[in-house]
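Trainee: One structure, as structure tokens, below. Some questions next.
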Amino acid sequence: GDSVTQMEGPVTLSEEAFLTINCTYTATGYPSLFWYVQYPGEGLQLLLKATKADDKGSNKGFEATYRKETTSFHLEKGSVQVSDSAVYFCALIKAAGNKLTFGGGTRVLVKP
Amino acid sequence: DGGITQSPKYLFRKEGQNVTLSCEQNLNHDAMYWYRQDPGQGLRLIYYSQIVNDFQKGDIAEGYSVSREKKESFPLTVTSAQKNPTAFYLCASGTGSSYEQYFGPGTRLTVT
């Protein structure tokens, strides 16, 4: 079946450091890919998305590029802030209205 | 404001009792979903509904039940048959034509 694998956390960084969270997927067909963010005690918020190969999703300084050749969708941010401390989930969906398949999540802690 | 509401935020029950978690949306979305999140893990799909009066089992439906009598509402009942009910439960909604899902703030259920 479909699956998403993320690097395990926690990832601890200093403010203004560069952040990368690796995400790879296994799926048949052409899934759409997402990054969601979860702040402490809250639900998930959509951070960015890409619906086809070579698409780049971006939002709030975060970027991720859909790489079909390596089945990856790595999340990057050039300069993190303390407010970026959260759990980040990579996910895929095969078709509109279907279920999301999530990775295990990566906790990021940014220290001042 | 449009959005998804889940109530209550925290819920405590004794083992052997059924409990119903509320999920309401005013986004006019056709599809609604229930996910379960355990510490340090990704989200797993319990049930989903793509249209009123119809729903399908997700990956971990055993011990849960749902109803979809109105477009806006998708309550989840955690029955006494669920062996490990303590978890964070997230409700989401989406349109049938979109890949995006929007999440509520979640309900943390503790069963002792």
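Trainee: What's the FRET efficiency of B:Thr86 with A:Tyr39 using the Cβ-Cβ distance as r and R₀ = 22 Å, to the nearest 0.05? Working shown, then result.
Mentor: On the way: r = 22 Å, r/R0 = 0.98.
Step by step, r from the Cβ atoms, then E = 0.55.
Trainee: Which residue, A:Ala64, A:Ala50, A:Ala95, tops the fluctuation ranking in a GNM of chain A built on C-alpha contacts under 10 Å?
Mentor: A:Ala95
Trainee: Based on the Cβ-Cβ distance of A:Glu76 and A:Asp2, what FRET efficiency does E = 1/(1 + (r/R0)^6) give at R0 = 22 Å, to the nearest 0.05?
Mentor: Numbers: r = 24 Å, r/R0 = 1.08.
In this case the efficiency is close to 0.40.
Trainee: Cα centroid distance between region A:23-79 and region A:80-112, in Å?
Mentor: 8
Trainee: So if each residue of separation counts as 0.36 nm, and I subtract the Cα-Cα distance between B:Thr5 and B:Lys70, what length gain in nm does that give?
Mentor: Details: separation 65, 0.36 × 65 = 23.40 nm, distance 1.49 nm.
Extra length from B:Thr5 to B:Lys70 when fully extended: 21.9 nm.
Trainee: Amide H of A:Leu47: which non-local residues (sequence gap of 5 or more, or other chain) have their own amide H closer than 5 Å, using H built in the peptide plane?
Mentor: Amide H to amide H, under 5 Å and 5 or more residues apart or across chains, A:Leu47 pairs with A:Trp35, A:Tyr36, A:Val37.
Trainee: Kindly write out, for region B:99-112 in residue order, the coupling ³J(HN,Hα) from the Karplus curve 6.51 cos²θ - 1.76 cosθ + 1.60 (θ = phi - 60°), rounded to whole Hz, with x marking Gly and Pro.
Mentor: Once rounded to whole Hz, the list reads 8, 7, 10, 10, 9, x, x, x, 10, 9, 9, 10, 10, 10.
Trainee: If we count other beta carbons within 10 Å of each Cβ, what is the order of A:Leu48, B:Leu90, fewest first?
Mentor: Going from least to most buried by this count: A:Leu48, B:Leu90.
Trainee: Please go through the residue pairs A:Lys49/B:Lys71; A:Lys68/B:Lys57; A:Lys56/B:Lys9; A:Lys56/A:Lys111 and name each one whose alpha carbons sit more than 32 Å apart in this structure. Kindly include the intermediate steps, with their values, before the conclusion.
Mentor: Numbers: A:Lys49/B:Lys71 26 Å; A:Lys68/B:Lys57 30 Å; A:Lys56/B:Lys9 35 Å; A:Lys56/A:Lys111 28 Å.
The pairs that break the limit, which is 32 Å between Cα atoms, are A:Lys56/B:Lys9.
Trainee: Place a point 7 Å from the Cα of B:Ile51 along the Cα-to-Cβ direction; which residues of region B:27-41 have their backbone N under 17 Å from it?
Mentor: Of the residues in region B:27-41, B:29-33 have backbone N under 17 Å from the label point off B:Ile51.
Only the coordinates and a few stated rules stand behind these numbers; no lab work does. Bear in mind that the values here come from a model prediction, so they are computed numbers and not experimental data. Neighbour counts are summed over all protein chains in view; Cβ atoms, including those assigned to glycine, are modelled from backbone coordinates with ideal geometry.
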